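Participant: Have a look at the structure that comes next, please.
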């Protein structure tokens, strides 16, 4: 028994020496403004990691809005690059500056890269993630995106860890596959709180935390964007904060089959760098 | 003989010497010409091809002088001031140029004169032997002034046949009768006034050439040489306190082909490794690789565009470059690899028409991000969508007639029940752009009534009715123009 404890301790030390970022050192986190969400994530979204957001094609506007919100918070005062394919721009519409400005997001700090194909987009993404001057990178992929496999996402994760640039991967109409992402979310549009006269109110989102590498998952929240503060509102009265089992969540088209294989066999709080090492 | 179509008839455009000897003249219809001489060889006119060819010749003539200009449609003008002695005199240079062009099977006439107009005139109108250039010019007919048809005829009627006749008159009388242009043209021809030449290639800020004694077959060696040249260019730019915004490297192959590679940067640059990284990026992106073939015999590096750039000092510890520069380097690299229009920055545009309210400009050329006007009242829901469809996509809508709000709509084969809406926000067309100031008409577009709508599942859309019911359109169409977050 004592022997096994010492072996375990030795093993822990050995792993710690392999880690580029020591396990004890906290990853810098950015608060989203939503209290329960931040608490569940241990302070907010981690910087220098990958965050994956899934949304159906019908929920495209909401998914893009939420991804931009996350990316905007993570970028802070630094520039934000949004990479997408020409096909995505044709199908989903082009980014609209006045709309961004109306949401309190800064279109003057936004760069948009419209790439001809996915392979070129992913290559550009790795290059962009290696540039520490960038605040955050938003990668938009439509459909199945077969090129973003585990290897590709590890490559992105390594680049992000090296430079501290955060990547928000927006997957429109895609199915989750194993990836090196730190968190994985499912986004749906939610009915807004109407203004007087039954006019649509502030943008609201139904958000499910599907997976978190270093913590509990399976939460559901309703987030509202606050354009005045350029952040998410603290909490909503309707917010449901109870934990759900994945299988019982039948509100969207998200099945349980995709989840079972989706978890990458990595231990909690470990960076992807040692996997590649 | 070349023909072109003028007002529906095939007319002769240009003729060779044999055709002229037969008595054919430009402007004659082809049918007339054929009636006189059935065995004509006729070609279609190709003005663009001619222009292309002339431009290539002009570029080739930069071997004599950097200031080579087009004199369309058939001429080239070279300013050889200060260049002639390199070739052993004006006549030798001219002989060399004519020989070179004649080798391509072209008929060439040349003239040397103190002004571009003088050379143009002497080249086209035969002047007899004269004491000097001025005397020769004065003997030319008034047509050399390239005036309008009416003025030329008027001059002849007045008995002024040669340039000399004209030059003898007081300028004020000429200006009063034949217009200011006549006086200007006369002044330019005789070297009194001065019209600057517009060279086809503006003079680059820095230009460095390397000629090899023997063609080199290794691309790697050529690139190393280019790096040395880039370092030299960097020194040249440092002396001027400038940095290059554009660089052009040309690889001349010994068989006459030339590969130009152009790179562009968003901030001024004069650092050789940075330039070489961008050139390498461009080479990687070429569809066919840089092929030395029988070897490169010359390299040329030019900096066509430069901007002031203060000397910089690296941070004392570690030599960390400034943050803005890191971002600029990323933008340059991605722009070169993907194409300069693919990395964009959004700029506000002062228009109330939604699709014209923003401009997506290449990030390489638009450096300073403009300030975006934000919404009037902060904290209100956005009135403009996050995604904009251009062009808008048609939808089927059930709405009250004539101007009621929409109730449900079908888009991409899915039915959306509208439970909340706001509107209409009426956006009028740009009536001031309509023809004849007419309020109604196709050219100005139709009034649009925009609604912000939310469906039962919480998705928010921006849809509009195109045209006012009854007055502008019998059955106004509905379109979806954007998606809200």
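We did not get these values from a lab; they are worked out from the coordinates using the rules stated. In this text, all values refer to a predicted model and were calculated from it rather than measured experimentally. All Cβ positions, glycine included, derive from the backbone under ideal geometry; neighbour counts span all protein chains shown.
Participant: Largest first and to the nearest Å, give the Cα extent of the protein assembly as shown along each principal axis.
Facilitator: That gives 115, 78, 53 Å along the principal axes, largest extent first.
Participant: Which percent, nearest 5, of DSSP beta bridges in the stretch B:387-483 are antiparallel?
Facilitator: Around 95 percent antiparallel, to the nearest 5.
Participant: Same structure again: Hey, got the average number of other protein chain Cβ atoms within 10 angstrom for residues in A:108-119?
Facilitator: Per residue, the number of nearby Cβ atoms from other chains is 5 on average.
Participant: What is the helix-to-structure angle for B:90-102, meaning the angle in degrees between its Cα long axis and the longest Cα principal axis of chain B, kept from 0 to 90 and rounded to the nearest 10?
Facilitator: 60
Participant: Here's a follow-up. Find, to one decimal place in angstroms, the Kirkwood hydrodynamic radius of the stretch B:104-243, where the mean of 1/r is taken over every pair of different Cα atoms and then inverted.
Facilitator: Over the stretch B:104-243, the inverse of the mean reciprocal pair distance is 19.2 Å.
Participant: According to the Kirkwood expression over distinct Cα-Cα pairs, how big is the hydrodynamic radius of the stretch B:116-189, in Å?
Facilitator: 12.3
Participant: Still on this structure: With the contact rule set at Cα under 8 Å and sequence spacing of 6 or more, what percent relative contact order holds for the stretch A:47-168?
Facilitator: Over the stretch A:47-168, the number comes to 42 percent.
Participant: Sort chain B into rounded, prolate or oblate with this rule: let a ≥ b ≥ c be the square roots of the eigenvalues of the Cα gyration tensor; rounded if a/c is under 1.5, and if a/c is not under 1.5, prolate when a/b is larger than b/c, oblate otherwise.
Facilitator: Here chain B falls in the oblate category.
Participant: While we're looking at this one, here's another question. Can you tell me how the stretch B:1-160 classifies by the Cα gyration tensor, rounded, prolate or oblate, using a/c under 1.5 as the rounded cut?
Facilitator: oblate
Participant: On a C-alpha basis, how far is the centre of the stretch B:390-405 from the centre of the stretch A:43-83 in Å? Whole number, if you could?
Facilitator: 32
Participant: With a 10 Å radius around each residue's Cβ, average the other Cβ atoms per peptide and rank B:168-174, B:386-392, A:67-73, highest first.
Facilitator: Descending mean neighbour count gives A:67-73, B:386-392, B:168-174.
Participant: How big is the gap, in Å, between the Cα center of the stretch B:165-213 and the Cα center of the stretch B:459-485?
Facilitator: Centre-to-centre (Cα) distance: 58 Å.
Participant: Is there a simple number for the mean count of other chain Cβ atoms within 10 Å of the Cβ of residues in B:336-344, and what is it?
Facilitator: Going residue by residue through B:336-344 and averaging, the value is 5.
Participant: Can you tell me how the stretch B:387-483 classifies by the Cα gyration tensor, rounded, prolate or oblate, using a/c under 1.5 as the rounded cut?
Facilitator: In terms of gyration-tensor shape, prolate.
Participant: Separate question: Angle, helix B:180-189 long axis vs. longest principal axis of chain B, Cα atoms, 0 to 90°, nearest 10?
Facilitator: So the inclination is approximately 50 degrees.
Participant: Using only Cα atoms and rounding to the nearest 10 degrees, what angle (0 to 90) does helix B:272-284 make with the longest principal axis of chain B?
Facilitator: 80
Participant: How large is the helix-only mean residue ellipticity at 222 nm for chain B, computed as the sum of -39500 (n - 2.57) over DSSP H runs with n ≥ 4, divided by its residue count, in deg cm²/dmol to the nearest 500?
Facilitator: My calculation for chain B gives -8500 deg cm²/dmol from helical runs alone.
Participant: Moving to a separate point now. Considering Cα pairs under 8 angstrom that are at least six residues apart, work out the relative contact order of the stretch B:116-189 and quote it in whole percent.
Facilitator: 31
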